[in-house]
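Read the structure below first, then the notes.
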Amino acid sequence: MEEPVGLRRRCRSAPESGVQAGCEDPAVETAEEAKEPAEADINELCKDMFSKMAIYLTGELTATSEDYKLLENMNKLTSLKYLEMKDIAINISRNLKDLNQKYAALQPYLEQINLIEEQVAALEQAAYKLDAYSKKLEAKYKKLEKR
């Protein structure tokens with residue numbers, strides 16, 4: 001693999017000592033010629049980049065497609081639920097109308113029952129008054145009988 005292009009620090013060897021000279025001085029730098037990567041490497045890297053980008057985009061599109069399929073299935077299920085609820089509401093409405101009609105048909109009888117109940121209550125009050133009067137009368141009779 002090629003080294004990055006640009007300035008590189010180089011140390012020169014001193015021929016007599018075998019020690020690299022100039023490495024101690026950080027201000028000494030030499031320039032190397034910038035080399036382009038080989039054309040085959042660039043083509044290979046581009047192919048690799050495009051294939052990985054294609055895999056990434058395919059994954060993203062697949063995920064998005066699956067999300068839309070999931071939403072579509074959820075919408076279908078929700079629609080079916082609402083249809084079921086609509087049928088239930090229609091049945092409840094129909095049953096409520098039937099009950100209201102039956103109640104309307106029973107209303108005259110209910111009024112008669114209320115009237116009879118009022119009459120029975122009045123008759124009961126009259127019976128209590130009659131019982132109280134008869135007890136008074138009995139008490140007076142016994143009082144007169146003793147005399």
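The values are calculated or read from the model by the stated rules, or taken from the named source; none is laboratory data. Since the structure is predicted, the reported quantities are computational estimates derived from the model, not experimental observations. Backbone-built Cβ (ideal geometry, glycine too); neighbour counts: all protein chains shown. Calculation scope for accessible area: heavy atoms of the full protein, side chains included, ligands and nucleic acids excluded. Shrake-Rupley method; radii C 1.70, N 1.55, O 1.52, S 1.80 Å.
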Residues of segment 41-85 classified as modelled with pLDDT under 95 and polar (S, T, N, Q), total: 1
Criterion: of a type outside the set (Gly, Ala, Ser), in a loop (DSSP other than H, G, I, E, B), open to solvent by 90 Å² or more (accessible area, probe 1.4 Å) and without any contact (Cβ under 8 Å) to a residue 40 or more places away in the chain - qualifying residue of Glu117, Glu66, Glu84, Glu33: Glu33
Failed condition for Tyr141, given (1) open to solvent by less than 100 Å² (accessible area, probe 1.4 Å); (2) of a type in the set (Ser, Thr, Tyr); (3) modelled with pLDDT under 95: (1)
